[in-house]
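The values are calculated or read from the model by the stated rules, or taken from the named source; none is laboratory data. Because the structure is predicted, anything quoted here is derived from the model rather than measured. Here Cβ is always computed from backbone atoms with ideal geometry, including for glycine, and neighbour counts include all displayed protein chains.
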């Protein structure tokens with residue numbers, strides 16, 4: 001199911017929320033309406049939380065069906081909460097390094113991932129261990145913040161409209177899903193900041209046009 005939504009009056013949903021096929025993590029101050037809409041669209045439990053006391057949860061974590069990686073800013077109580085909620089087989093850990101906005105710097109599904117080219121060796125290894133997939137360094141539209149420039153599910157990837165042909169080819173070969181380009185929120189190219197999706201559904205900012213919603217629907221294989 002596809003929906004338009006705002007979180008705390010903000011159209012940039014990916015800043016406040018991330019989802020896999022089994023779980024969505026969302027800002028602790030999201031109201032009941034937001035939680036209900038997310039759960040209906042994505043067909044997964046939506047868990048309120050903070051990371052390092054911050055509500056920009058989507059910018060500070062990344063997840064797939066194997067694990068959850070969180071900024072090293074995450075507190076012990078916050079990490080314990082995630083570990084209690086997550087399925088027993090789902091790993092969850094903090095990842096060290098200066099590039100701690102993992103939602104902005106990691107694009108991942110259950111097949112593979114693309115990460116910021118400057119991710120350190122130790123962080124890169126921990127990301128692969130927890131997410132359980134191959135992670136390759138690269139760019140999208142020349143941008144290093146690949147998690148904010150695209151949104152990936154197990155059915156497809158929607159990217160920044162200036163993604164190059166070489167980048168599109170790399171993404172398709174790496175993730176093994178169809179890849180296309182588009183915008184959201186009435187022309188924003190920062191897809192990962194505007195759209196939260198999984199194999200079951202997606203939510204986009206309230207300003208997303210009908211044409212843009214159609215592109216999201218096509219990209220994620222819901223047609």
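How about the range 120-135: which of its residues are part of a strand (DSSP E or B) and surrounded by fewer than 15 Cβ atoms within 10 Å (Cβ to Cβ)?
134
For the range 83-96, give me the residue count where each residue is modelled with pLDDT under 90 and farther than 27 Å from residue 177 by Cα.
The number of residues fulfilling the criteria is 4.
Restricting the search to the range 137-161, which residues are touching a strand residue (DSSP E or B) at 6+ places or on another chain (Cβ under 6 Å) and either assigned to a loop (DSSP other than H, G, I, E, B) or surrounded by fewer than 24 Cβ atoms within 10 Å (Cβ to Cβ) (or both)?
137, 138, 153, 160, 161
Please indicate, with yes or no, whether at least one residue in the range 83-93 is farther than 24 Å from residue 152 by Cα and in contact (Cβ under 8 Å) with a residue 12 or more places away in the chain.
no
Among the helices (runs of 4 or more DSSP H) confined wholly to the range 162-223, which include 2 or more residues that are in contact with a helix residue (DSSP H, G or I) (Cβ under 6 Å, 6 or more places away or on another chain), surrounded by 15 or more Cβ atoms within 10 Å (Cβ to Cβ) and modelled with pLDDT of 95 or more?
Correct list: 191-194.
State which residue pairs qualify: first residue on the phi > 0 side of the Ramachandran plot and inside the range 1-30, second residue in a strand (DSSP E or B) in any location, beta carbons under 7 Å apart, and separation of 6 or more residues or different chains.
Correct list of pairs: 8/27.
Could you please let me know if residue 25 is within 22 Å of residue 212 (Cβ to Cβ) and touching a strand residue (DSSP E or B) at 6+ places or on another chain (Cβ under 9 Å)?
The answer is no for residue 25.
Quick one: which residue in 201, 187 is over 24 Å from residue 135 (Cα atoms) and free of Cβ contacts under 8 Å to residues at least 40 places away in the same chain?
187
Filtering the range 98-115 down to residues that are surrounded by fewer than 24 Cβ atoms within 10 Å (Cβ to Cβ) and over 16 Å from residue 21 (Cα atoms), which residue is nearest to the chain's Cα centre (by Cα)?
Selected residue: 101.
Anything in the range 23-38 that is loosely packed, with under 15 Cβ neighbours inside 10 Å and under 28 Å from residue 223 (Cβ atoms)? List them, or say none.
Within the range 23-38, 33, 36 meet the criteria.
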